[in-house]
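This report concerns only the one structure given below.
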Amino acid sequence: MKARPPKAPPVPAHPLYIPESDEVVWDGRFPVQRVRFRYRRADGTPSGLLTWEMWRRGDGALILPYDPWSRRVALIEQFRLPALAAGEEPVMRECPAGLLEKGEDPEATVRRELREETGFTTDRIEKIGQFMTMQGGADEVLHFFCGRVRLPEAAAPGTRGLADEHEETRLVLLPAEEAFAQVARNEIRNSPAALALMWLQLNTPRLTTEWTSD
């Protein structure tokens, strides 16, 4: 009998969860499980039988680089096939982000991704929180951070990214106020980037004071 992929363990037991079957139907980079189950309703009775396909992505992490001295942020742009499939512009404006490696701390992940995708390093970091990005179909939990970065006057020409992953990222430097305005105008269509920027908008006065005092 073939062993289950490590990224697709059975759904854990819970008082609200009544399983019928749980199978891995696709064992690729991100496995897909087909789960037949019922859940316990608020009155204690079981629901009807449901069949859900669940995409097992695991944990990821992102970082919003912020320069408190010039009050600018660094974002990246890259091609995203699912955006094109959804009818969106396929080059999305995002925060540097990546998936956690096995046993990796989320802060280590964002430090690595920041270096790979922008060439920058951060000397001070604050956790924003962790959020599910698509709880209706995937198990991904995304850990959000903001990092203090001294940004150059202008973005270096060219692109970055890992060649072995055929990754190409383009750096975008923006005044924080312009980035907030882009979120307000719904021009930043990537929801994690929008959420991180809204957090920064609320916390800019505090961070600017705290992060420029040392």
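Scanning region 77-109 for residues that are in contact with a Ser or Thr (Cβ under 8 Å, 6 or more places away or on another chain) and not acidic (Asp, Glu), which turns out farthest from Val183 (Cα to Cα)?
Leu100
Which ones in region 113-153 are touching a strand residue (DSSP E or B) at 6+ places or on another chain (Cβ under 7 Å), of a type in the set (Lys, Arg) and free of Cβ contacts under 8 Å to residues at least 24 places away in the same chain?
The answer is Lys127, and nothing else.
If you take the residues of region 15-54 that are in a loop (DSSP other than H, G, I, E, B) and of a type in the set (S, T, N, Q), which of them is nearest to Asp139 (Cα to Cα)?
Here the answer is Ser47.
List the pairs whose first member sits in region 50-74 and is outside the structural domain of Tyr39 (by the TED database) and more than 30 Å from Tyr17 (Cβ to Cβ), whose second member is in a strand (DSSP E or B) and among the β-branched types (Val, Ile, Thr), and whose Cβ atoms are under 6 Å apart, counting only residues at least 6 apart or on separate chains?
Cβ pairs passing all conditions: Tyr66/Val73.
Pick from region 17-54 the residues that are hydrophobic (A, V, I, L, M, F, W, C) and exposed (fewer than 13 other Cβ atoms within 10 Å of the Cβ): which of them is nearest to the chain's Cα centre (by Cα)?
Selected residue: Trp52.
In region 29-40, is there at least one residue being over 30 Å from Pro175 (Cβ atoms) and free of Cβ contacts under 8 Å to residues at least 12 places away in the same chain?
Yes, some residue in region 29-40 is over 30 Å from Pro175 (Cβ atoms) and free of Cβ contacts under 8 Å to residues at least 12 places away in the same chain.
Within the bounds of region 76-90, is there any residue that is on the phi > 0 side of the Ramachandran plot and not acidic (Asp, Glu)?
There is at least one residue in region 76-90 that is on the phi > 0 side of the Ramachandran plot and not acidic (Asp, Glu).
Restricting the search to region 55-76, which residues are assigned to a strand (DSSP E or B), open to solvent by 30 Å² or more (accessible area, probe 1.4 Å) and under 30 Å from Ala176 (Cα atoms)?
Correct list: Asp59, Arg72.
Inside region 78-97, can you point out the residues that are under 21 Å from Thr109 (Cβ atoms) and either open to solvent by 30 Å² or more (accessible area, probe 1.4 Å) or not assigned by the TED database to the domain that holds Pro175 (or both)?
Arg80, Arg93, Ala97
The values are calculated or read from the model by the stated rules, or taken from the named source; none is laboratory data. A quick note: this is a predicted structure, and the numbers were derived from the prediction, not measured. Don't worry about glycine lacking a Cβ; one is built from the backbone with ideal geometry, like all the others, and counts go over all protein chains shown. Calculation scope for accessible area: heavy atoms of the full protein, side chains included, ligands and nucleic acids excluded. Shrake-Rupley method; radii C 1.70, N 1.55, O 1.52, S 1.80 Å.
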